[in-house]
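**Q** Please read through the structure below; I'll follow up with questions.
The values are calculated or read from the model by the stated rules, or taken from the named source; none is laboratory data. Small disclaimer: the values here were computed from a predicted structure and weren't measured. As a convention, Cβ positions derive from the backbone with ideal geometry for all residues, glycine included, and neighbour counts pool all protein chains shown. Calculation scope for accessible area: heavy atoms of the full protein, side chains included, ligands and nucleic acids excluded. Shrake-Rupley method; radii C 1.70, N 1.55, O 1.52, S 1.80 Å.
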Amino acid sequence: QVQLVESGGGLVQAGGSLRLSCAASGRTLSRYAMGWFRQAPGQEREFVATISWSGGSSNLADSVKGRFTISRDNAKNTVYLQMNSLKPEDTAVYYCALQPGVGISGYSGSYNYWGQGTQVTVSS
């Protein structure tokens, strides 16, 4: 059984930065693609970023391109989401997820393990 634990969320002013981490236990992440999703109050969960098992391929939602970066350190069994130039509309609970495959996907149904989420709040 794999467990994913997100950290790094918090309160930040607009224009600021945060780096989220997703640490895994119970399974080696290096075999799997990973993703980040977010869910704001009253809204559906939406795709943010995904990265292949090797880190060689990645994709970002249009709303965060140029501001967010996804990366991974397979030696540390950890995936990261660097968030710069944060906006109030980025406020949400951010979840990392594991996909049982090596390719990237922006579809939440492709992911079968999820973390508990970390709150990111951006004040204006």
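**Q** Would you work out what percent of the accessible area of region 35-124, with all protein chains in place, is carbon or sulfur (probe 1.4 Å)?
**A** Percent of accessible area from carbon and sulfur atoms in region 35-124: 46.
**Q** With every protein chain present, what accessible area does residue 71 have (1.4 Å probe, heavy atoms only), rounded to the nearest 10 Å²?
**A** The accessible area comes out at roughly 50 Å².
**Q** Moving on to the next point. Suppose every K and R has +1 on its Cβ and every D and E has -1 on its Cβ; what is the size of the dipole of the chain about the Cα centre, in Debye to the nearest 20?
**A** Charge dipole of the chain: 280 debye, to the nearest 20.
**Q** Continuing with the same structure: For the chain, what relative contact order do you get, as a whole percent, if you take Cα pairs closer than 8 Å and at least 6 residues apart?
**A** 36
**Q** Probe of 1.4 angstrom, ligands and nucleic acids ignored: what's the accessible area per residue over the chain, in square angstrom?
**A** Each residue of the chain exposes 49 Å² on average to a 1.4 Å probe.
**Q** Averaging over every viewing direction, what projected area does the convex hull of the Cα atoms of region 2-85 cover, in nm²?
**A** 5.9
**Q** Set the Förster radius R0 to 25 Å, insert the Cβ-Cβ distance between residue 63 and residue 107 as r into 1/(1 + (r/R0)^6), and round the FRET efficiency to 0.05.
**A** FRET efficiency, residue 63 to residue 107: 0.90.
**Q** Distance from a point 7 Å along Cα→Cβ of residue 75 to each backbone N in region 24-57: keep the residues under 19 Å and list them by number.
**A** 24-25, 28-32, 53-56
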